[in-house]
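**Student:** Okay, handing you the structure first.
The values are calculated or read from the model by the stated rules, or taken from the named source; none is laboratory data. In this text, all values refer to a predicted model and were calculated from it rather than measured experimentally. Glycine gets a Cβ as well: all are built from the backbone with ideal geometry, and neighbour counts include every protein chain shown. For the accessible areas, the whole protein counts, side chains as well, though only heavy atoms, and no ligand, DNA or RNA atoms are used. Shrake-Rupley method; radii C 1.70, N 1.55, O 1.52, S 1.80 Å.
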Amino acid sequence: MNKNTKSKAAVILIGGGQWGDYWAQQFAKKEMVGLSIPYTGKEGLPRLPEEIELEYFENAINWLRERPEVDPNKIVVMGASRNAELALVIASTFPEYISGVVAYAPSSVSWSNTVLPYNSNQMKASWKYKGVDIPYVPMNKIMGNETNKIKMVDYWTNGLAKIEIVQQAAIKVEKINGPILLFSGNDDKVWPSSIMADMIEKRLEVNNFEHSFQNIKYDNAGHLISGNPDDNSSYRTAIININRKDYEYEFGGNDDGDIKAKQDAKLKLMEFMEKI
């Protein structure tokens with residue numbers, strides 16, 4: 001944190017890593033505070049993203065609120081993909097502390113831990129608060145097939161078809177006490193982020209959400225719109241290992257669409273933060 005910064009807006013970057021470090025630097029350049037928070041895989045943190053206790057983030061928020069560099073009424077949470085899911089959960093759980101949310105490739109619901117092949121096999125909540133599970137969509141682990149390719153988006157779309165469970169597991173976004181900014185690619189082939197962004201929008205409308213809300217969707221863009229806007233490297237697929245076999249899956253979008261989306265989203269993100 002810049003010691004010359006006083007009472008500025010702060011962004012908590014859920015998940016940390018290179019993504020969090022990049023954005024923390026970008027906000028610092030704009031005389032804002034960026035706090036990059038990992039919650040798994042480091043010493044003293046859970047090994048797997050399951051039954052993550054929201055008290056961990058609550059403690060970080062309280063620490064941040066007391067910093068002279070930070071305006072406690074201008075704390076935003078930001079995440080991408082499953083970390084966007086978590087950012088929305090945090091903001092809806094702590095409305096008295098959080099003043100806005102930015103979610104790249106968001107989810108409209110909480111999912112069980114079993115969505116990830118490397119998580120434990122026992123069904124658990126991904127997130128907990130005060131010992132209570134945050135309601136979730138229970139999912140069987142993703143299955144392989146005879147080929148060496150897998151359509152990731154189908155797995156999640158099938159999960160969203162469980163209408164009654166999805167209603168119970170929907171993130172209570174209407175409780176968020178500040179503006180919400182969603183970014184998604186219409187061609188996201190990892191999970192149906194644009195569809196889930198529309199589900200969030202519908203829930204906010206039904207509940208007469210009082211704050212500003214933007215649901216920005218980009219054509220020719222996929223799951224990678226959440227990546228570093230200054231990185232033009234091209235990779236259209238990735239590998240997932242399921243039951244000791246590698247499968248290739250697509251991110252969706254194309255190079256040009258992703259780059260344009262990332263750069264436009266960065267401009268809109270900074271405009272959003274200046275209004276907090």
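**Student:** Could you give the dipole magnitude of the range 107-176 about its Cα centre, charging the beta-carbon of Lys and Arg +1 and that of Asp and Glu -1, in debye to the nearest 20?
**Tutor:** So the dipole magnitude of the range 107-176 works out to roughly 220 debye.
**Student:** Would you please name the trypsin sites (Lys or Arg not before Pro) within the range 122-168 that are DSSP coil residues with at most 15 other C-beta atoms within 10 Å of their C-beta?
**Tutor:** K130, K151, K162
**Student:** Would you work out what percent of the accessible area of the chain, with all protein chains in place, is carbon or sulfur (probe 1.4 Å)?
**Tutor:** Within the chain, the accessible surface is 46 percent carbon and sulfur.
**Student:** How much accessible area per residue does the range 57-148 have, in Å², with a 1.4 Å probe?
**Tutor:** Accessible area per residue: 38 Å².
**Student:** Convert each backbone phi in the range 112-120 into a coupling constant with the Karplus relation 6.51 cos²θ - 1.76 cosθ + 1.60 (shift: θ = phi - 60°), then list the ³J(HN,Hα) values in order as whole Hz, x for Gly and Pro.
**Tutor:** 5, 5, 6, 5, 9, x, 8, 6, 5
**Student:** So, one more: In debye to the nearest 20, how big a dipole does the range 1-140 give about its Cα centre with +1 on each Lys and Arg Cβ and -1 on each Asp and Glu Cβ?
**Tutor:** 360 debye
**Student:** Right, here's the next one. Taking a cut-off of 20 Å between Cα atoms, list the lysines near K202, but don't count ones fewer than 8 places away on the same chain.
**Tutor:** Of all the lysines, those that pass the test against K202 - Cα under 20 Å, at least 8 places apart if same chain - are K162, K172, K175, K217.
**Student:** In straight Cα distance, which aspartates and glutamates are under 15 Å from K42, not counting same-chain residues fewer than 8 positions off?
**Tutor:** Cα-Cα hits under 15 Å: E50.
**Student:** Only Cα pairs within less than 10 Å get springs; with that Gaussian network setup on the chain, which residue of R244, R82, R203 has the largest fluctuation?
**Tutor:** For the chain, modelled as a Gaussian network with Cα springs under 10 Å, the answer is R244.
**Student:** What is the calculated FRET efficiency for E164 to N73, with r their C-beta to C-beta distance and R₀ = 30 Å, to the nearest 0.05?
**Tutor:** That gives a FRET efficiency of 0.20.
**Student:** Mind checking the full-extension length gain between E274 and S233? Use 0.36 nm per residue of separation minus the Cα-Cα distance, one decimal, nm.
**Tutor:** 11.8 nm
**Student:** Hey, another quick one. If you filter the range 154-222 for GluC sites (Glu not before Pro), then keep DSSP loop positions with at most 16 other Cβ within 10 Å, what is left?
**Tutor:** E210
**Student:** Can you pull out the GluC sites (Glu not before Pro) in the range 245-276 whose DSSP state is coil and whose Cβ has at most 13 other Cβ atoms within 10 Å?
**Tutor:** Answer by residue number: there is no such site.
**Student:** Please turn the phi angles of the range 105-111 into ³J(HN,Hα) values with the Karplus equation 6.51 cos²θ - 1.76 cosθ + 1.60 (θ = phi - 60°), one per residue in order, whole Hz, x for glycine and proline.
**Tutor:** 6, x, 10, 8, 10, 8, 10
**Student:** Quick one: what does P(r) look like for the range 122-276 with 5 Å bins over all Cα pairs, in whole %?
**Tutor:** 2, 8, 14, 16, 18, 18, 14, 8, 2, 1, 0
**Student:** Now for a different question. Subtract the Cα-Cα distance of K149 and K175 from 0.36 nm times their separation in residues, and report this length gain in nm to one decimal.
**Tutor:** 5.4 nm
**Student:** Suppose every K and R has +1 on its Cβ and every D and E has -1 on its Cβ; what is the size of the dipole of the chain about the Cα centre, in Debye to the nearest 20?
**Tutor:** Rounded to the nearest 20 debye, it is 380 debye.
**Student:** So what is the diffusion coefficient of the chain in µm² per second by Stokes-Einstein at 10 °C and 1.306 mPa s, using a Kirkwood Rh over Cα pairs?
**Tutor:** My calculation gives 84 µm²/s for D.
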